[in-house]
Every structure is written in structure tokens, then in C-alpha cells.
Amino acid sequence: MAIGVRVVARPVEQVSYMRATLKGMALTFKHLINPHKVTTQYPEEKEPISRRWRGTHRMLTDETGKAKCVACGLCPQICPANCIKLVPGEDEEGNRYPLVYEIDEFRCIFCGYCQEVCPEEAIHVGRHYENAEYSRAGFVYDLERLTAQTHPVCEMWDPADPKGE
Amino acid sequence: MTWSLTFALLQVANPQAPPTSTSVFVIATVIKMIIVFTVLMVGVALLTLAERKISAWIQDRHGPNRVGWHGLLQPAADGLKNIMKEETYPDAAYKPLFILAPALAFIPAMMTFAVIPFASPLPTGAGLIEMVVAPLPIGFLYILAITSLGVYGIVLAGWASNNKYSLLGGLRSSAQMVSYEIAMGLSTIAVLLVAGNVALNDIIWQQATTVWNFFGLTIAFIIFLIAAFAETNRLPFDLPEAESELIAGYHTEYSAMKFSLFFIAEYSNMVTASALLVTLFFGGWDIPFTLWDNQAPWSILKTVLTGLLFAGKVLFFLFFYMWIRWTLPRFRYDQLMSLGWRVLLPVALLYIVVIAGTLLILDLLGVRPGATHGIILGVVNLVLAGILFLILDSGRIISPASGRVHAEQLRRLRAMRSRSPLAAPGGD
């Protein structure tokens, strides 16, 4: 013992191993017969996620099943992570449409600016989080994949209704 | 040989008397061995699941519930995994002992159960079959001898791995087992004194005719219980594999089925220790308050009932093991040694003297073993247990990392320090 360490005589009920043991056993038994389990059984049960959840993207389509995108170029312009690749094209009637529209979900920071800036309400961030893939290439979503997504989309923050009521 | 065997089986023997022919004895023993081994192995597999489930419930979790109904197939999945896994050998390990060690841990663990009677004798067409693999007349001594062999497996595993953590684990386990074996052996002397025999069936008979030794010999039970925890390396005495200090202790370097064998050994040791506790202190397969099950005529119903009751009692103690494990933290090494040598050993010695004295006095007074005898022993025990509890309760088990220093000693140390040239100015 280091010289000068004061040895404090603690009261018996604090140092008694017997009482502490019995108390501990009572406590563990109480938990054993009456556990308050808080675990969510994940694949079966899912925690609800926020309406403003910003997950992987989804491209909305019009009635004919074509992407609503008019290839205006605003989303690649505003994207802070530079993850949207857009090559615009034009058909015979002069309507612009995306020839190539790819989002690299690895680069994406899920800020939701693309959804906010889109004049056609075509590109959206989705309320979705199960994104596992077997390859890195699988995380570059092309137009076909983006339009095929069915998960609900994010409801952006509305300045007129800040609390979402 | 075959002919005589068939003949022996065909001839109708008296079901209430032990079989006369050797072949019946051999066949019955082989069948019992297979049954006991199977039950033990399946039980061990289910115990691993029970351990995980109970730990989960105590910690407000769900536990394994993916494989099979409520995780019931988890042991099978674990076993399959362990069999498929690669066996690794450290370069520096001493291979022969490295391979031998798991077997040395496993075999004694399986052997000990052989002498524990698990039900009343079963009457069959070939004669009365005792429900114990080997009805040894020296049953209890055999158990003491075999359980201490288990430590070799652990020590050799620790040494042969050529790993400092393994070696420390092995050393700890040898010190721990040797220390607690003494307390364990001494605590059972009281049981043997009361029973007047070392055959486990006679100990059960004595408890059936008087009271269970738990009531008559409470302190022996407590000492035996604590020592059994230490002997099986279970928390709070799992220093040989103390994860936070020694990685995994003696089985750090083991993988796949070899690791699994240590695991099985630990759990079957638990089963044996529980069965032994039940046999020595809770009447074994005896149904309390009645002698119906302890006497002829034997019947299959009696065998089944007593067997079930025995299983129930053993399961309770297995649960108790797990309950304690998930309640108490690990002892520090010096606390473990101090509890073994400075508390349990003197208490056990003293207890033998007191019990022997009480028995002698009762004998002189002419009180025959029976109800009164049991009650007197029980009262003596209650008093002793109370005194023990009060003494242990006064904060004497947990020692601080250093012993208490008396004021006088402290003054002397301080004076010594002030004279030292190394003393820093400014006191403490």
C-alpha cells in the first residue's frame, strides 16, 4: 500500500458481499421473469421512419411510364457531391429528355437538393434504407432503376408549414 | 457366447432381484452407458442454448431466435459450424499435448457421471437393473478422484499452446482447482459422517429415511456449492478463461472442435456437479416425504417418477449456475485464493469438528438416526449458518487490493519514509 493512502472504514452494508450477492440475484431474477425487452426484431418489425427521411433516389414517371425528367440540368448543377450524371437528348417534337441519367449513391450525401430544385418534381429522395448490394457497381443507379423504384418519397420541409402539420 | 447370451436374455429372472448372469449385467451396462452418454451430450448442447437464453432474458434481450423454433436448433448450427471449421495449430505449440489436452479435459468430465444414481432401480424381465452406469461401492471417492483429473487437460492446454495467456490460464486453473478441491472434499466429510458410507445410493437412502442433508448440513452444502463453482471454472470463479484479462485463457489457441470439446467439458462438469449437489444434499432421486419410492417392490412407474424428479433437481441447479453467472462479476485472483484458503478451508475444518461432536453427543444420548436426529442437526445447523452469515457479512470476504494497515504500522511506515533520502518534500 502506498504510504499516506487513507483507509476508510466503510459501513458494513456497503462492503458485505453476502447482502450484495443476494440483492444482485434478486435483481437478475426480477429481470429474468419480467424482462422489458426493447429489441426490435428487425427484418420482421421495422421502426417507422420520418416523413422527411432522405434515402436512395426515385424518379417519378408520367402516365405513359416515361420519366418526368426534362433534362434541364438543374440537379447536377446543384448537387454538392457531384454524383448526378446527366446527358440530355431531344426527340423529334423538341421535347428534352435524359439520354443518360445516373446517380452514384456512394457519392451522394442525401442532402435532397436535387428534389428541391427539380422543376418537374421528377427526381426525389426516398423514404428507404435497405440498400445492400453485392458489388460497388450496383450503387450507380441508372434511369431504368430509378424509375423502377416504388418506395415512398421524402416530403420536403415546407416553409409554410414548418412543423409538418 | 452368443448362445449363452440369448439364453440369459430369454430366461425369465425375478424382476425384483439383481440379475444373476454376467451377460445381463454387461448388456444392461452398455445400454445405460449409451443412454447416459447421449442424454449428457444432448443436454450439454441444450445447455449452451439455455445459457444464452437465460443470459439474454436477464439482460432484457431476446437471445438466439433465428435457427428453428425460438432458436431451438441453435446448438445444432453451432455444432455444425464447429465441425466444419478449420483446425489451426500455432507454430510454436507442442503438438502432441496440444491435441491431447481437449480429450483430457473432455473424458473425465464424461466419466464422472458414471457413478451417480439417477433413478430408482428398474425391474425388467432379466432382473432388477440399477439406474446407475457403475454402482461402485466407493462412488464418492471415485468422483473426487476423477474430477481432479480434469485439471490436467486445462493445464496441458495452457502449456502446450505456447502462449502466455494460455499458460497463465492453465496456471490459474491448477491453483484454483487444487485449492477448492480441499474445501470440497472436507465439506463432504460431514455428509459421509452422517451417512456412514461413501456409496452414493446409501447416502440417498440415509437422506430418504431422515431429512435431506441440505437441512441437516447447510454449511457443508454452502461450502460444497462454492467449491463446485470454482471446480467447474464458472463465474464468479472463471479466472482460467477470464476474457478481460487473458483473452480466452487456456483455450485461446484452440479452434473448431477442439475448442468445442473444452466447452462440452465445462458444461458436462456443470451437469455432474449439479447432479452431485442433488445427490449429496437434496436426496438424489428421492421423492420427499415418502418412502414409497425408496423401497421394493420396484416398478417402472417409480423409476420414471424418480428419474424425472432427479432431472428436475439437476435442472434447477444448472439454472442456479447460470443465474449466478449472470449476476456476479469475477473475483480478483487474490480474493479467490483468500476465499478458498482463509474462509472455506477453516470453516470446513471447524464444521467437521462440530458435526462430528454433535453426532457423537447424539449417539451417547442414544438418539437414533431418524426424525428427531434430523431436527436436532437442523437446529444446530441453523445456528451455525446464522453465525457464519454474520461473520462473513461483516465485510470480511472482499479484501481491498491491499490489506488493512493499522495506525501504528502506518506511523512507522511514514517515519521510515521521512528518513529516506528519496522522500519527496511536502509529505504525501
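Values quoted throughout were computed directly from the atomic coordinates according to the rules given, and no laboratory measurement underlies them. Source: prediction; values computed, not measured. Backbone-built Cβ (ideal geometry, glycine too); neighbour counts: all protein chains shown.
Using Cβ point charges alone (K and R +1, D and E -1), the dipole size of chain A about the Cα centre works out to roughly 1840 debye. Per residue, the average separation of C-alpha pairs within less than 8 Å and at least 6 apart gives chain B a relative contact order of 20 percent. Dividing the mean sequence gap of close Cα pairs (under 8 Å, 6+ apart) by how many residues segment B:237-392 holds gives a relative contact order of 19 percent. With the convex hull constructed from alpha-carbon coordinates only, segment B:162-289 shows a mean projected area of 8.6 nm² over all directions. When only Cα pairs below 8 angstrom with a gap of at least 6 residues are kept, segment B:144-206 shows a relative contact order of 24 percent.
When all alpha carbon pairs of segment A:57-148 are counted in 5 Å bins from zero, the resulting P(r) reads 3, 14, 26, 28, 17, 9, 3, 1, 0 %. Ranked by the mean number of other Cβ atoms within 10 Å of their residues, highest first, the peptides B:74-81, A:34-41, B:332-339 come out as B:332-339, B:74-81, A:34-41. Backbone geometry of segment B:293-299 corresponds, through the Karplus equation with coefficients 6.51, -1.76 and 1.60 at θ = phi - 60°, to 3J(HN,Hα) couplings of 7, 9, 10, 5, x, 7, 9 Hz, x marking Gly and Pro. Per residue of peptide B:53-64, the mean number of Cβ atoms on other chains within 10 Å of the residue Cβ is 4. Since only B:Thr112, B:Ile138, B:Pro64 are under comparison, the one whose Cα sits farthest along the positive direction of the charge dipole of segment B:14-139, derived from C-beta charges on Lys, Arg, Asp and Glu, is B:Pro64.
Taking the Cβ of B:Arg52 as the centre, find all other residues whose Cβ is under 13 Å away and add up their charges (Lys, Arg: +1; Asp, Glu: -1). Walk me through the numbers before you get to the answer.
On the way: positive: B:Lys53, B:Arg61, B:Arg66, B:Arg325; negative: B:Glu51, B:Asp78.
Once all neighbours under 13 Å are counted, the net charge is +2.
Annotation: chain B has a Kirkwood hydrodynamic radius of 24.1 angstrom, from the mean reciprocal C-alpha pair distance. Going by neighbour counts of Cβ atoms within 10 Å, the residues A:Thr28, B:Thr38 line up, fewest first, as B:Thr38, A:Thr28.
If Lys and Arg each add +1 and Asp and Glu each add -1, what is the summed charge of the other residues whose beta carbon sits under 14 Å from the beta carbon of A:Val38?
Values: positive: A:Lys37, B:Arg61; negative: A:Glu45, A:Glu47, B:Asp60.
Once all neighbours under 14 Å are counted, the net charge is -1.
Taking a ≥ b ≥ c as the square roots of the Cα gyration tensor eigenvalues, with a/c under 1.5 meaning rounded and otherwise prolate when a/b beats b/c, else oblate, which class fits segment B:35-89? Intermediate results must be reported in sequence, preceding the final value.
Values: a/c = 1.96, a/b = 1.32, b/c = 1.48.
Oblate is the answer for segment B:35-89, as a/c is 1.5 or above yet b/c matches or exceeds a/b.
Adding -39500 (n - 2.57) for every DSSP H run of four residues or longer, then dividing by how many residues the protein assembly as shown holds, sets the calculated 222 nm ellipticity at -17000 deg cm²/dmol.
Dipole magnitude of segment A:57-148 about its Cα centre, charges +1 at Lys/Arg Cβ and -1 at Asp/Glu Cβ only, in debye to the nearest 20? Please report the intermediate quantities before stating the final value.
Values: 9 positive and 16 negative charges, 80 e Å.
Its charge dipole is roughly 380 debye.
Most tightly packed first, judged by the mean number of other beta-carbon atoms within 10 Å of their residues, the peptides B:166-175, B:51-60 read B:166-175, B:51-60. For A:Ala137, the shell of other residues with beta-carbons less than 15 Å away shows a net charge of -2, using +1 for Lys and Arg and -1 for Asp and Glu. For the segment B:321-332, counting C-beta atoms of other chains within 10 Å of every residue's C-beta and taking the mean gives 3.
The order of A:His124, B:His406, B:His62, B:His373, going from fewest to most other C-beta atoms within 10 Å of their C-beta, is B:His406, B:His62, B:His373, A:His124.
In the structure displayed, which of B:Lys164/B:Lys258; B:Lys81/B:Lys313; A:Lys30/B:Lys164; B:Lys53/B:Lys313 lie more than 29 Å apart, Cα to Cα?
Details: B:Lys164/B:Lys258 19 Å; B:Lys81/B:Lys313 32 Å; A:Lys30/B:Lys164 40 Å; B:Lys53/B:Lys313 20 Å.
From B:Lys164/B:Lys258; B:Lys81/B:Lys313; A:Lys30/B:Lys164; B:Lys53/B:Lys313, over 29 Å: B:Lys81/B:Lys313; A:Lys30/B:Lys164.
Toward the positive end of the charge dipole of segment A:57-148, with +1 on the Cβ of Lys and Arg and -1 on the Cβ of Asp and Glu, the farthest Cα among A:Val117, A:Val87, A:Ala71 is that of A:Val117.
Each residue in B:Phe237, B:Phe37, B:Phe282, B:Phe98 was given a count of other beta-carbon atoms within 10 angstrom of its own, and listing them fewest first yields B:Phe37, B:Phe98, B:Phe282, B:Phe237. In this Cβ point-charge picture (+1 for Lys and Arg, -1 for Asp and Glu), chain B has a dipole of about 920 debye about its Cα centre.
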